[in-house]
Amino acid sequence: MKEYVVVANGKLRQCAYDKLNETVTLLGWQQGGKMPREVLEERLANADALYSTGGIRIAESLLAKAPKLKVVAQASVGYDNIDVAACTARGIPVGNTPGVLVDAVADTAYALLLDSARRIVKAHEHVASGKWGERKPFGLTVDLAGKTLGIIGMGDIGSAIAKRAQVSKMRVIYNNRHQRPDDAELGVTFVSKEELLAEADFVLLAVTLNESTKHLLNKETFAMMKKGARLINISRGGVVDTDALYDALASGHLAYAALDVTDPEPLPGDHKLLTLPNITITPHMASATVETRDAMAMLTVDNILAGLAGKPLPAQVGRK
């Protein structure tokens, strides 16, 4: 397949780089950082495939620069930066990487859930400040046991999070586009979004970002949450109205928020969210383990090679 040209807009995992480099003509960007836009557009002119490491908007304006493009594959589950309809109109399948990052993301979600209750990061900061012994950092924290976790988005990641929470003796309720047939087996209960927000001590977001989920949590829906509830978001930053979140935290209506994703992203160091004492933010790192990132990279390679061969992608967006 050396006759095919594959463009990668960012640094690839070595396993993915090696496999592609021996199979196709790979125009990579291994020095790290983002490939300059002008370089990307120049290389796309002859590209048969685009390996997206994220950080770019793949829409008609970019696709027009790539007349030979046969496949787009992105090394992530989320693809809200890709205009799938525009790709489909050009006969270009789009691949992503579901499944392989479930456990890594669920582990991070559980860690943020635990931190939102026990303020582990804030406790470390208190010790590091040299004030341990002078005063208590923030008083008592709360248990997970006996509390209700409400998960919005009960796909593979949501169900994996539910299992982890149940180990901590939490009751798990959820809201989804459709009720799952295995509720009894999972030990979870399907409820309306309104019921979930009213009942949950912890609300965890595990949905994709699209028109129906943008600002799913906003001024009105935060008001539906019980006072003292905690929010965990490992989905996409745009699912939450950032200004409304700030107000809910600053007023004390929400006790805490623990986020792996933000809007905007990356979050500036002087952003007002970071002035709050009741928030933990990590830099979109839920899938950032060696094993998971290698698996994501190799699935992206498999998507590209299948697309170049004219075969269905192993993980193709929109294909049932």
(message) If you fit an axis through the alpha-carbon atoms of helix 102-118 and take the longest principal axis of the Cα set of the chain, what angle between them do you get, 0 to 90°, nearest 10?
(response) 30
(request) Treating cross-link reach as a plain straight distance, find the lysines whose alpha-carbon is under 17 Å from the alpha-carbon of residue 226, omitting any fewer than eight places away in the same chain. (result) 147, 193
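Might you report the magnitude of the Cβ-based charge dipole of region 102-281 about its Cα centre, with Lys and Arg at +1 and Asp and Glu at -1, to the nearest 20 debye?
Rounded to the nearest 20 debye, it is 620 debye.
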(message) Given an 8 Å cut-off on Cα distances and at least 6 residues of separation, report the relative contact order of region 102-281 as a percent.
(response) 20
(request) Compute the distance in nm between two label points, each set 7 Å from the Cα along the Cα-to-Cβ direction, one at residue 120 and one at residue 23. (result) 3.7
(request) Count the lysine pairs in region 1-138 whose Cα atoms sit under 23 Å apart, keeping only pairs 8 or more residues apart in sequence or on different chains. (result) 18
(request) For the chain, find the longest principal axis of its Cα atoms and tell me its angle to the long axis of helix 156-167, 0 to 90°, nearest 10. (result) 30
(request) Taking 7 Å along the Cα-to-C-beta vector as the label spot, tell me the residue 208-residue 224 distance in nanometres, rounded to one decimal. (result) 2.2
(request) Would you kindly state how much longer the chain becomes between residue 135 and residue 64 on full extension, computed as 0.36 nm times their sequence separation minus their alpha carbon distance, in nm to one decimal? (result) 19.4 nm
(message) With just the Cα atoms defining each centre, how far is region 225-279 from region 7-69? Give it in Å.
(response) 34
(request) Pick out, in residue order, every one of the GluC sites (Glu not before Pro) in region 189-219 that is DSSP loop and has at most 14 other C-beta atoms within 10 Å; say none if there are none. (result) 211
(message) When the expected Rg is taken as 2.2 N^0.38 Å, what fraction or multiple of it is the alpha-carbon Rg of region 102-281?
(response) 1.00
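Per DSSP H run of at least 4 residues, take -39500 (n - 2.57); add these up for the chain, divide by its residues and hand me the 222 nm value, nearest 500 deg cm²/dmol.
Helix-only estimate at 222 nm: -10000 deg cm²/dmol.
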(request) Using only Cα atoms, tell me the angle between helix 14-23 and the longest principal axis of the chain; keep it within 0 to 90° and round to the nearest 10. (result) 20
(message) At R0 = 22 Å, how high is the FRET efficiency between residue 15 and residue 103 if r is their beta carbon distance? Nearest 0.05 is fine.
(response) 0.70
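Order the peptides 308-319, 214-225, 266-277 from the highest to the lowest mean number of other Cβ atoms within 10 Å of their residues.
Ranked from most to least packed, the peptides come out as 214-225, 308-319, 266-277.
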(message) At q = 0.12, 0.15, 0.16 Å⁻¹, what log₁₀ I(q)/I(0) does the chain have when each alpha carbon counts as one equal point scatterer in the Debye sum?
(response) -0.87, -1.18, -1.27
(message) Below 8 Å between Cα atoms, with a sequence gap of 6+, how large is the relative contact order for the chain in percent?
(response) 18
(request) Any chance you could run the full-extension gain for residue 270 through residue 80? It's 0.36 nm times the residue separation minus the Cα-Cα distance, nm to one decimal. (result) 65.8 nm
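Do any trypsin sites (Lys or Arg not before Pro) in region 95-174 lie in a DSSP loop with no more than 11 other beta carbon atoms within 10 Å, and if so, which?
Answer by residue number: 135, 169.
Where a number appears in this text, it was derived from the coordinates with a stated rule and is not lab data. Every value quoted in this text rests on a predicted model; they were computed, and no experiment measured them. Using ideal geometry, Cβ is built from the backbone for each residue, glycine included, and neighbour counts are taken over all protein chains shown.
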